[in-house]
1. Taking the full set of protein chains and a 1.4 angstrom probe, give the accessible area of W61 in square angstrom, rounded to the nearest 10.
2. How large is the helix-only mean residue ellipticity at 222 nm for the chain, computed as the sum of -39500 (n - 2.57) over DSSP H runs with n ≥ 4, divided by its residue count, in deg cm²/dmol to the nearest 500?
3. Take the solvent-accessible surface of the protein heavy atoms, probe 1.4 Å, and return the percent of it on the stretch 51-113 that carbon and sulfur atoms account for.
4. With angles folded into 0 to 90 degrees, how steeply does helix 167-177 sit against the dominant principal axis of the chain? Use alpha carbons for both and round to 10.
5. From the residues G294, Q310, N320, which one has its Cα farthest along the dipole of the stretch 268-360 in the positive direction, the dipole being from +1 and -1 charges on Cβ of Lys/Arg and Asp/Glu about the Cα centre?
6. Around C50, what is the net charge, scoring Lys/Arg as +1 and Asp/Glu as -1 over all other residues with Cβ under 9 Å from its Cβ?
7. Quick one: Cα convex hull volume of the chain, Å³ per residue?
8. Taking the Cα centre of the stretch 61-156 as origin, sum charge times position over the Cβ atoms of Lys and Arg (+1) and Asp and Glu (-1), and report the length of that vector in debye to the nearest 20.
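The values are calculated or read from the model by the stated rules, or taken from the named source; none is laboratory data. Please read these numbers as outputs of a predicted model, since none were measured by experiment. Cβ placement follows ideal geometry from the backbone for every residue including glycine, while neighbour counts extend to all protein chains displayed. Only protein heavy atoms, including side chains, enter the accessible area calculation; ligands, DNA and RNA are left aside. Shrake-Rupley method; radii C 1.70, N 1.55, O 1.52, S 1.80 Å.
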Amino acid sequence: MVKSPEQEHPQEALGWAARDDCGLLSPFKFSRRATGEKDVKFKVLFCGICHSDLHSTKNEWGISTYPLVPGHEIVGEVVEVGSRVEKFKVGDKVGVGCLVGSCGSCDSCHDHLENYCPKMILTYGSMHQDGTMTYGGFSNMMVVDEHFAIKFPQNMPLDAGAPLLCAGITVYSPIRFFGLDRPGTHLGVVGLGGLGHVAVKFAKAMGVKVTVISSSARKEEEALQCLGADAFLVSSDASQFQAAMGTMDGIIDTVSAVHPTLPLLGLLKHNGKLVFIGIPDRPLELPVFPMISGRKIVTGSCIGGLKETQEMIDFAAKHNITADIEVVPVDYLNMAMDRLAKGDVKYRFVIDIGNTLKEA
């Protein structure tokens with residue numbers, strides 16, 4: 001393979017990587033490509049920790065390649081731009097989410113849905129067109145094509161805004177696409193974690209009635225008093241579910257564990273939509289009769305395209321929507337991963353890369 005100009009002059013970078021499926025991360029030196037004419041180079045300041053990072057470091061989906069530098073909720077400050085860059089200048093605050101490339105020519109790309117491009121390039125654990133591996137935001141710097149960078153609004157805090165680049169767009173896109181954003185719509189949100197809590201915030205900002213559905217009764221006060229949800233259902237309480245049957249226009253299901261779908265279908269009105277955005281590690285059972293009898297739709301959604309992601313971050317800034325976070329130093333990473341696996345975070349860990357990732 002002939003080396004590109006970007007490969008001829010790589011830039012040294014420092015990050016934290018998993019070396020195998022035990023999932024433990026440790027310091028790792030690697031190379032980023034030289035800044036190309038359409039590239040933006042930025043110093044990483046913060047990076048959120050997504051549940052996908054946990055799955056990926058342990059190869060729970062069977063697709064991980066090591067060494068693996070996770071992180072796709074990345075924000076920082078531009079330090080260099082290529083000669084043909086138009087959107088950014090040095091000093092701008094910038095974000096990168098789950099994608100750093102796509103083919104640019106398929107129907108999905110033409111429709112600004114790069115996230116559904118069959119040749120999309122993930123921010124980490126994927127192969128660039130030049131044959132090099134992509135490394136994520138648990139690192140001190142990034143180089144990315146400007147098309148895949150998001151301009152951060154001035155009033156958006158970088159640390160609490162970082163998780164929106166994955167969690168935010170993951171909930172925003174299906175709420176918009178499936179018409180669940182209309183004022184007065186009744187939306188159920190299953191799971192009150194990293195995805196669920198921002199789903200509540202976006203839906204309430206859109207004027208939607210929100211019911212949180214959780215397996216944990218202790219989250220009721222948080223859902224109603226702190227996040228502003230209108231109602232709360234405990235998933236194990238049959239009487240609560242019975243009283244709410246046929247009342248919801250749609251449900252966003254954020255849960256990544258195997259769980260029953262029949263009770264959720266019962267909550268939907270006719271023509272209601274059950275949208276899965278969590279990824280359980282085993283298949284779910286899906287009863288057909290409740291779908292047929294109410295013309296109910298069961299579907300899924302995966303992040304969003306770059307145009308919609310920019311729209312999402314601008315909407316969040318306008319409505320003061322951020323993630324609820326716990327900021328941690330980089331040397332706390334393995335402890336944070338362990339706590340995330342146990343659900344011991346409210347609601348998103350964010351690594352302070354800029355202040356704590358230093359060369360040993």
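1. Taking all protein chains as shown, W61 has close to 80 Å².
2. Numbers: 12 runs with 87 residues, N = 360.
My calculation for the chain gives -6000 deg cm²/dmol from helical runs alone.
3. Numbers: 1310 of 2780 Å².
C and S atoms contribute 47 percent here.
4. It is inclined by approximately 60 degrees.
5. About the Cα centre, the residue reaching furthest to the positive side is G294.
6. -1
7. Per residue, the Cα convex hull of the chain comes to 138 Å³.
8. Value, rounded to 20: 120 debye.
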